[in-house]
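The values are calculated or read from the model by the stated rules, or taken from the named source; none is laboratory data. Just so it is clear, the structure is predicted and the values come from calculations on it, not from any experiment. Counting neighbours? That spans all protein chains shown, and the Cβs are built from the backbone with ideal geometry, glycine included.
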């Protein structure tokens, strides 16, 4: 079964420090995409970063990087130099292979950045 | 470029009523997907439309339906509302739903069923 697992319900990090949010996935599709979204308390889902299953290098977008370990089926999000505005819910999601735009989401990790 | 817009942002209905939610995708985007978010079930895929055709459907009862218009705008309808339909309904758009497409989400419609 296709599934995303986020084992950290909540995390604390000090401002300006780096933090890693864990994500593991399960799929038998050879081609798939992995995404991270941020959801502030306002509710809107904000796209952060994308990693394709065939990408050789880890994706990076500004302070966000994705630590992609295909053999372990993990796609951890690393946020460097945390800011107070990073406090939010973070969701890992997978788009399975095939002609679909369906995203399968994990249960999320609530990140709190402390001053 | 304007983002994904959803209307209304908040809605209160009573059991048995029906509701229609609207989503306008980013200009040029042809794929629209809908998701339901609840505290108990998390984020669940409802359906996806591309070029006015439903391309994929999640595991929801037939009370949940949708459509897409020629300008890519999409509506979803929930008939005979139940208390459990209270949720945040999120709409997402992407260019064409290709393998590297990114879905961009709207602010959501928060539906409360009394």
Looking at B:60, B:105, B:45 in this structure, which one is within 10 Å of chain A (Cβ to nearest Cβ), over 18 Å from residue B:3 (Cβ atoms) and surrounded by 13 or more Cβ atoms within 10 Å (Cβ to Cβ)? B:45
Which condition number does residue A:28 fail, the rest of (1) out of contact with any strand residue (DSSP E or B) (no Cβ under 9 Å at 6 or more places or on another chain); (2) outside any loop (DSSP other than H, G, I, E, B) being met? (2)
Checking residue B:84 against (1) within 13 Å of chain A (Cβ to nearest Cβ); (2) out of contact with any strand residue (DSSP E or B) (no Cβ under 6 Å at 6 or more places or on another chain), the condition it does not meet: (1)
Specify which of the listed residues (B:40, B:3) is surrounded by fewer than 20 Cβ atoms within 10 Å (Cβ to Cβ), within 14 Å of chain A (Cβ to nearest Cβ), under 15 Å from residue B:102 (Cα atoms) and out of contact with any strand residue (DSSP E or B) (no Cβ under 6 Å at 6 or more places or on another chain). B:3
When restricted to A:100, A:27, A:109, the only residue modelled with pLDDT under 95 and crowded, with 19+ Cβ neighbours inside 10 Å is A:27
Filtering strands (runs of 3 or more DSSP E) wholly in region B:1-43 for at least 2 residues that are farther than 23 Å from residue A:94 by Cβ and touching a residue at least 60 places away in the same chain (Cβ under 8 Å) gives B:5-7, B:10-13, B:19-24
When residue B:94 is run through (1) within 22 Å of residue A:33 (Cα to Cα); (2) free of Cβ contacts under 8 Å to residues at least 40 places away in the same chain; (3) buried (at least 18 other Cβ atoms within 10 Å of the Cβ), the failure sits at (2)
Report the residue count in region A:62-103 for those that are within 11 Å of another protein chain (Cβ to nearest Cβ) and free of Cβ contacts under 8 Å to residues at least 24 places away in the same chain. 4
Picking from A:12, A:68, which residue would you name as being over 13 Å from the mean Cα position of the chain (by Cα) and modelled with pLDDT of 95 or more? A:12
